[in-house]
Amino acid sequence: MPLKNITAEDFKYLIILLQFISAIIGTFYYYKFKKTVLKYFLILLWYTSINDVIGLLYQNFNNVSNNYFIYNIYQIIRFNVILYVYKIYVDHKFYKKVITFFIFTYCLSVVINLFIEGFFDNYFLNTFIIGATFIAISVLLYMFEILKSDKILYITESLIFWISSAYLIYFIPNIPFYIVRKYYADSSTIPYIFIVNYFLLLAYYLIHIIGFIWSKPETKE
């Protein structure tokens, strides 16, 4: 199929396929991290894959224009799990307190947003921007901690390094994208940004796959 003929729908199905491939490979290498909190990332991969299929089926079979509530639930669960894992993985007590504050503030923003945007009628863009920002900062705190330790010598052997790289590549560009999507919804750049987002997702899942294969067994619980 010529590249110019590839549609957004084609990208969407490709991403879902890659999600399942990533989850399957992660399951194959589960023995490397089964005794750590990184196992929650594998659960998230499976949840993400199944959630996207459910979202598509719900929208197609019910002939409705949106499936926002499915992705609002997904966002809340996903962001809390990610922040929790980084809270466990950082060693510095102050960093742990910062990430705990992030979790509380994100959950509070969700509650407040319930009175601003309809849970069933809108995707929670406000809370995505807040949560993605908190995740990016949490990842950077972890990376900064690693840079100051001996772990830097074998950082590529750690699965959390690959996952952290994937999160930074995905979330940092998406923060301004979601701001544009919320406040400049009629901008002519929106379709192009969606295409860029699909390529970011491709990189995101490919990095996960590399991490599962390349990393060594983890021991931190």
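The values are calculated or read from the model by the stated rules, or taken from the named source; none is laboratory data. Worth saying up front: this structure is predicted, and the values here are computed from it rather than measured. No Cβ is skipped: glycine too gets one built from the backbone with ideal geometry, and neighbour counts run over all protein chains shown. Accessible surface is based on the protein model in full, side chains and every heavy atom, while ligands, DNA and RNA are left aside. Shrake-Rupley method; radii C 1.70, N 1.55, O 1.52, S 1.80 Å.
For I175, indicate whether it is in a helix (DSSP H, G or I) and open to solvent by less than 20 Å² (accessible area, probe 1.4 Å).
So I175 does not fit the description; no.
Given the conditions (1) assigned to a helix (DSSP H, G or I); (2) open to solvent by 80 Å² or more (accessible area, probe 1.4 Å), and given that L44 satisfies all but one, which numbered condition is not satisfied?
Among (1) assigned to a helix (DSSP H, G or I); (2) open to solvent by 80 Å² or more (accessible area, probe 1.4 Å), the lone unmet condition for L44 is (2).
Could you list, ordered by first residue, the pairs with Cβ atoms under 6 Å in which the first is in segment 40-55 and more than 19 Å from E218 (Cβ to Cβ) and the second is open to solvent by 50 Å² or more (accessible area, probe 1.4 Å) and aromatic (F, W, Y), at least 6 apart or interchain?
The qualifying pairs are S49/F20.
For the subset of segment 123-163 comprising residues that are part of a loop (DSSP other than H, G, I, E, B) and at pLDDT below 90, which member is nearest to F102 (Cα to Cα)?
Y123
Which of the residues that make up segment 70-104 are over 23 Å from I175 (Cβ atoms) and either among the hydroxyl-bearing types (S, T, Y) or open to solvent by less than 80 Å² (accessible area, probe 1.4 Å) (or both)?
Across segment 70-104, the qualifying residues are I88, K96.
Does I6 meet the test of being open to solvent by less than 70 Å² (accessible area, probe 1.4 Å), more than 17 Å from the chain's Cα centre (by Cα) and at pLDDT 95 or above?
For I6, the condition - open to solvent by less than 70 Å² (accessible area, probe 1.4 Å), more than 17 Å from the chain's Cα centre (by Cα) and at pLDDT 95 or above - is not met.
Looking at V139, is it out of contact with any strand residue (DSSP E or B) (no Cβ under 7 Å at 6 or more places or on another chain) and touching a residue at least 12 places away in the same chain (Cβ under 8 Å)?
The answer is yes for V139.
Out of the residues in segment 27-39 meeting the condition of being in a helix (DSSP H, G or I) and without any contact (Cβ under 8 Å) to a residue 24 or more places away in the chain, tell me which one is surrounded by the most Cβ atoms within 10 Å (Cβ to Cβ).
Checked segment 27-39; the qualifying residue surrounded by the most Cβ atoms within 10 Å (Cβ to Cβ) is K39.
Looking only at segment 140-152, decide whether some residue is open to solvent by 40 Å² or more (accessible area, probe 1.4 Å), basic (K, R), in contact with a Lys or Arg (Cβ under 7 Å, 6 or more places away or on another chain) and under 22 Å from F33 (Cα atoms).
Scanning segment 140-152, I find no residue that is open to solvent by 40 Å² or more (accessible area, probe 1.4 Å), basic (K, R), in contact with a Lys or Arg (Cβ under 7 Å, 6 or more places away or on another chain) and under 22 Å from F33 (Cα atoms), so the answer is no.
Any residue in segment 14-25 that is under 14 Å from G211 (Cβ atoms) sitting within a Cβ distance under 6 Å of a residue that is not aromatic (F, W, Y)? List the pairs, counting only those 6 or more apart or interchain.
Hits for this filter: S22/L45; S22/H208; S22/I209; A23/L45; A23/S49; I25/I209.
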